[in-house]
Amino acid sequence: MKGVMRFGKKGKLSPLYVGPYQILKRIGKVAYELDFPNELAPVDPKFHVFMLKKCIGDPVSIIPLEGLGVDENLSYEEVPIEILDREAKR
């Protein structure tokens with residue numbers, strides 16, 4: 001999808017939700033403004049109600065913000081953490 005920023009992994013295994021964040025105020029009938037940290041300042045904090053998900057409180061489903069840096073052009077750089085396996089072909 002064009003114009004959609006994904007966090008974490010690229011492709012179809014990327015997480016769809018990042019958070020949880022506190023709702024600051026309601027804008028109109030179907031939009032809300034969220035309280036983002038300074039790392040996500042380039043992202044517009046206004047979201048439609050269908051883009052939000054109720055926080056259940058499961059700590060496994062929450063993506064940590066450490067190491068998540070968003071540039072002004074709404075992109076990020078992936079850095080590999082560890083090489084798990086390798087294969088040498090002859």
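Just so it is clear, none of the values below were taken in a lab; they were calculated from the coordinates. The model shown is predicted, which means the values in this text are computed figures rather than measured ones. When we count neighbours, we look across all protein chains shown, and the Cβ atoms used for this are built from the backbone with ideal geometry, even at glycine.
Annotation: extensible slack from Val49 through Lys25 equals 7.4 nm (criterion: 0.36 nm per residue apart, minus Cα-Cα distance). In plain terms, the residue of Tyr17, Tyr32 with the fewest other Cβ atoms within 10 Å comes first and the most crowded comes last, giving Tyr17, Tyr32.
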